[in-house]
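Below: the structure, in structure tokens.
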Amino acid sequence: MKAIAVCACYVKKNLTDNFKKDNMIQVEGLTKRYGSRLAIDHLTFHADKGEIVGFLGPNGAGKTTTMRILTGYMPASEGKAIVAGRDVFTDSLEARKRIGYLPETVPLYTEMSVWQYLDFMGELRQLPNRDDRIEEVMESVHMTDRADSLISNLSKGMRQRVGLAQALLHKPEVLILDEPTIGLDPAQVRDVRELIRELGGERTVMLSTHILSEAQAICNRVLIINKGKILAEDTPDRLRARLSGGDRVGVKVMGDGAGLTEALNKVPGVTAVHPIKDGEYEIDAAPGGNIRPEIAKAVVNGGWNLMELKAMGMSLEEIYLQLVREEAEEEEAQNA
């Protein structure tokens, strides 16, 4: 319960204090009710210009509901949301002009060619110089050679690229992507992730996912959500450091490493040594310092051949599971 209390406190202070005009996405107390059920519960967060923010949680956590509210597809029950300086509720049309939205199911007309579809979407948005803009956006999503291809003949990964192209067509300041890699094979996932990284340097990107490794690979910062509430928000590295309570180092030596456990336990700052298998160890260390040089010295001076020395940490999956477990324990304690 201690870690979850720290996280909740951090979210409230950090996000409220950063409710500034230069944030590209600003959300305060956002709530959505379906009758007596709370789909999202007083969410408060922000996203800065050029930042890639991951909205992380299981199916049904409230990610899609939040994104639909931010993009003007659904009203909120209460709260405030500002995107690119425009209030989503009182100035919805202007806000939507500044948003590129890729929903989980990409809205494509499969009987059209890629060019025809983008031209149609550009016409709906009344874009000037449509041909030039279509060429630019197709180049940015690496589809220049598929302009005349029918969308029905494209792979799912290529269709995701077309969906991204339509979201980028009007040069939005903010991109909101709902599960952008769902259903793709590993090669397609890699390509779409790389494309999102490229886009993030030019505009603010908010993406939702329930694939924790995806957020870890792409995002500058993550918001972990469960049952409509934000459990924690920070960079992946800082979340790992805060929740693990210290550092972890991996060591691999040649041979079986006989006697190495005892030697490593004598290194100042080491709190525990965990043998994994012959010659491989994971070492827990007190937070606040880099003890890898001292560990390397102990290994070499002890006559062992050092093969590998690396910093380790909790994965986002471990962080998420810990937070959800602590939230459940807190609820049980409150209901007892």
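Readers should treat all values here as calculations from the given coordinates under stated rules, not as data from a laboratory. This structure is a prediction, so every number in the text was calculated from the model and none was measured. Heads up, the Cβs are rebuilt from the backbone with ideal geometry, glycines too, and the neighbour counts pull from every protein chain shown.
Tabulated data for the structure shown
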| quantity | calculated |
| --- | --- |
| Per-pair calculated FRET efficiency, R0 = 51 Å: Leu150 and Leu306 via Cβ, rounded to 0.05 | 0.35 |
| Under-5 Å amide H pairs with Asn226, H placed in peptide plane, nonlocal only | Leu231 |
| Relative contact order (%) - region 245-312, alpha-carbon pairs under 8 angstrom, separation at least six | 47 percent |
| Residues Glu294 and Ile211, FRET efficiency given R0 of 30 Å [Cβ-Cβ distance, rounded to 0.05] | 0.20 |
| In Hz, Karplus ³J(HN,Hα) per residue of region 191-201 (6.51, -1.76, 1.60; θ = phi - 60°; x = Gly, Pro) | 5, 5, 4, 5, 5, 5, 4, 4, 5, x, x |
| Residue pairs, from the table Lys171/Lys227; Lys229/Lys310; Lys49/Lys229, whose Cα atoms sit over 32 Å apart | Lys171/Lys227; Lys229/Lys310 |
| Thr235-Asp41 pseudo-label distance in nm [points 7 Å out on the Cα-to-Cβ vector] | 3.1 nm |
